[in-house]
Amino acid sequence: MIYSSTAREGDLAQLVGLTHKHFIFSLKAGGDVQSHRGVLKHDDLIGKPWGSQVFSHMGAPFFLLQPSIADILNDLPRTTQILYPKDIGYILVMMGIAPGQCVMEAGTGSGSMTIALATTVGAEGRVISYEQKQDTQNLARKNVERVGLASRVDFKLRDIQDGFDEADADAFFIDVQ
């Protein structure tokens with residue numbers, strides 16, 4: 001995710017209503033968000049500063065926010081059990097994950113830890129993630145692409161019992177059954 005001061009086409013955006021109901025979506029010219037409180041057109045959101053109050057066609061107020069990693073992880077489509085932000089934070093700190101590192105992961109699952117690792121290692125780092133189920137890996141890849149971090153992750157489809165291609169990494173995280 002690249003942070004900016006205003007909403008741009010292709011950014012993930014979050015609309016939060018007065019009852020804290022929220023919607024996370026990718027901004028696309030010509031698109032819209034439909035809710036029980038009305039419709040908001042993406043074209044009206046693109047270019048607005050993050051934090052702006054915006055209104056649906058019915059006058060319902062929302063705040064336009066750039067979602068945090070925690071918001072994104074809690075909203076991820078998933079077919080597997082995921083790690084949640086409080087656990088991920090603890091793991092990242094205990095493992096000493098930092099920008100520029102190479103981290104291996106076994107058990108990609110739906111990609112929540114993969115996204116957190118890719119965010120933490122930064123643009124100069126790498127995450128190498130092994131998963132043995134194609135459909136699970138496909139969902140994880142889609143989730144990682146949704147947040148714009150695919151260039152930081154190498155996905156490997158293989159049972160880790162068959163070994164690894166890599167012999168050197170700064171950290172290794174395993175989450176398999």
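The values are calculated or read from the model by the stated rules, or taken from the named source; none is laboratory data. These numbers were taken from a predicted model, which means no experiment stands behind them. Quick reminder, even Gly has a Cβ in these numbers, built from the backbone with ideal geometry, and neighbours come from all protein chains shown. The area values use the complete protein model at the heavy-atom level, side chains included, leaving out ligands, DNA and RNA. Shrake-Rupley method; radii C 1.70, N 1.55, O 1.52, S 1.80 Å.
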Check your understanding: Given the C-alpha centroids of the range 66-120 and the range 1-51, what is the distance between them in whole angstrom?
Key -> 23 Å
Practice item. Name the most mobile residue of 105, 131, 145, meaning the one with the largest mean-square fluctuation, in a Gaussian network model of the chain with Cα contacts below 10 Å. Key: 145
Review point. Mind listing P(r) for the chain? All alpha-carbon pairs, 10 Å bins, whole percents.
Key: 10, 34, 30, 18, 7, 1
Review point. Ordering 115, 91, 174 by how much accessible area each has at a 1.4 Å probe, largest first, what is the list?
Key: 174, 91, 115
Check your understanding: Taking N as the number of residues in the range 3-95, what value does Rg over Cα atoms divided by 2.2 N^0.38 Å take?
Key -> 1.20
Study note, to complete from the structure: Sorting 12, 33, 59 by the position of each Cα along the dipole of the range 1-80 (Lys, Arg +1; Asp, Glu -1; all at Cβ), the one nearest the positive end of that ordering is 59
Study note, to complete from the structure: Given the candidates 169, 47, 112, the one whose Cα lies deepest towards the positive end of the charge dipole of the chain, counting +1 at each Lys or Arg C-beta and -1 at each Asp or Glu C-beta, is 47
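Roughly how many Å² is the accessible area per residue of the range 13-167, as a whole number, for a 1.4 Å probe? The partial results should precede the final answer.
Working: 7830 Å² over 155 residues.
Ligands and nucleic acids excluded, the figure is 50 Å² per residue.
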Practice item. Compute the label zone of residue 52 within the range 1-33: residues whose backbone N is under 16 Å from the point 7 Å along Cα-to-Cβ. Key: 4-16, 27-33
Point to revise | Placed amide H near residue 32: partners under 5 Å, 5+ positions off or other chain | key: 42
**Study point:** Residues of type lysines that residue 156 reaches as a straight line, Cα spacing below 19 Å, ignoring anything fewer than 8 places off in the same chain
**Key:** 133, 142
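Quick one: with all protein chains in place, what share of the accessible area of the range 103-149 is carbon or sulfur, to the nearest percent (1.4 Å probe)?
On the way: 700 of 1550 Å².
Using a 1.4 Å probe with all protein chains present, the range 103-149 comes out at 45 percent carbon and sulfur.
What dipole magnitude, in Debye to the nearest 20, does the range 58-166 give about its Cα centre under +1 on Lys/Arg Cβ and -1 on Asp/Glu Cβ? Working shown, then result.
Values: 10 positive and 13 negative charges, 48 e Å.
The dipole of the range 58-166 has a size of about 240 debye.
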Review point. Under a plain spin-label model, where a point goes 7 Å from the Cα along Cα-to-Cβ, how far apart in nm are residue 168 and residue 81?
Key: 3.7 nm
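Would you work out the relative contact order for the range 47-138, in percent, from Cα pairs under 8 angstrom that are 6 or more residues apart?
Dividing the mean separation by the residue count of the range 47-138 yields 23 percent.
Can you tell me the relative contact order of the chain? Whole percent, Cα pairs under 8 Å, sequence separation 6 or more. Each step should come with its number before you reach the end.
Numbers: 331 pairs, mean separation 31.4, N = 177.
This gives 18 percent for the chain.
Could you compute the FRET efficiency for residue 98 and residue 150, with r as their C-beta to C-beta distance and R0 at 25 Å, rounded to 0.05?
Details: r = 21 Å, r/R0 = 0.84.
For residue 98 and residue 150, the calculated efficiency is 0.75.
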